[in-house]
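What follows is a short report on a single structure.
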Amino acid sequence: MQSSLRIVWIYPDLLSTYGDQGNVLVLEQRARSRGIPVEIVHVRSSDPVPDQGDIYLIGGGEDRPQILGAERLRRDGGLHRAIQRGASLLAVCAGYQIMGSVFGGEEGQPVPGIGLLDISSSRGERRSVGELAAEVDPSLGLPTLTGFENHMGVTALGPGVTPLSRTLIGTGNGDGTEGCFAGKIIGTYLHGPALARNPALADLLLRWAVGPLPQIDDTWYDRLRNERLDAVLKP
Ligand code: GLN
């Protein structure tokens, strides 16, 4: 029998704004509907991060929980070991900024990140709030990204990462790009939640973990995508 796909949701008690937990549900649903058994692990910030997971998810949050989350992840080390073993990671907004070398705290002070992505974030001049649409890097073969953003931070990408997408609408990293990827790590500012709006991104994470996947019925996902994309891209 196939062993279960282990999906690890990091720090739901600190970092889970704007329905980011939906990313866990979407991955679970898309795996199960292909007959893949799934085990979901919720790791509270008082608990160690297991290093034997297949896909790790971390969400967005306010400045103070973000700082706490970064400190605990750095002390814990489990996520670093999991990534070294070849696990994948989707990091959203505050979780995305935490993966870099530094991010801006509640007064804009630099706070060290955990260094899994070659990015650095700082506090921008104004809060970016609203719908976002972006064209994904062609190497990933994914359709237009749709989502919702709400952040003060702007993110500079280093040579060790590739922009995930180029923005059509919205701010993203703040330089015309949105998110980034490196190896099996994807970082993004997108809420919505990101994987409900972008099931192809969910399938990319699943393929990295389990290999090729059969098609499934995406009628409801497509309705949501089309409704959101039409709302921002059609004149
Ligand atoms: N506190 C971070 C910022 O404002 C992240 C916000 C979020 O996760 N929504 O940039």
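The values are calculated or read from the model by the stated rules, or taken from the named source; none is laboratory data. Quick caveat, the model's predicted, so the values are computed rather than measured. Glycine also receives a Cβ, built like all others from the backbone with ideal geometry; neighbour counts cover every protein chain displayed. Just the protein is used for accessible areas: all its heavy atoms, side chains included, with ligands, DNA and RNA removed. Shrake-Rupley method; radii C 1.70, N 1.55, O 1.52, S 1.80 Å.
A compact table of results
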read-out: Gained length - Arg32 relative to Glu227, 0.36 nm times residue gap less alpha-carbon distance; value: 67.6 nm
read-out: Placed amide H near Asn173: partners under 5 Å, 5+ positions off or other chain; value: Glu178, Gly179
read-out: Among Ala133, Gly61, Gly100 - extreme Cα towards positive end, dipole of the chain, charges at beta-carbon; value: Gly100
read-out: Globularity ratio of the chain, using Cα Rg and 2.2 N^0.38 Å; value: 0.94
read-out: The chain - percent of accessible surface contributed by carbon and sulfur, probe 1.4 Å; value: 51 percent
read-out: Cα gyration tensor, region 1-56 - rounded (a/c under 1.5), prolate or oblate; value: oblate
read-out: Efficiency of FRET between Arg126 and Gln21 - r from beta-carbon atoms, R0 41 angstrom, step 0.05; value: 0.90
read-out: Cα gyration tensor shape for region 131-211, rounded if a/c is under 1.5, else prolate or oblate; value: oblate
read-out: Cα-based shape type of region 99-235, given that a ≥ b ≥ c are square roots of the gyration tensor eigenvalues and the cut on a/c is 1.5; value: oblate
read-out: Inter-site label distance for Ser3 and Glu71 at 7 Å from Cα along Cβ, in nm; value: 3.5 nm
read-out: DSSP bridge pairs, the chain: antiparallel proportion in percent, nearest 5; value: 60 percent
read-out: Thr219 - accessible surface, heavy atoms, 1.4 Å probe, Å² rounded to 10; value: 60 Å²
read-out: Solvent exposure, largest accessible area first (probe 1.4 Å, DNA, RNA and ligands not counted), of Trp9, Trp220, Trp208; value: Trp220, Trp208, Trp9
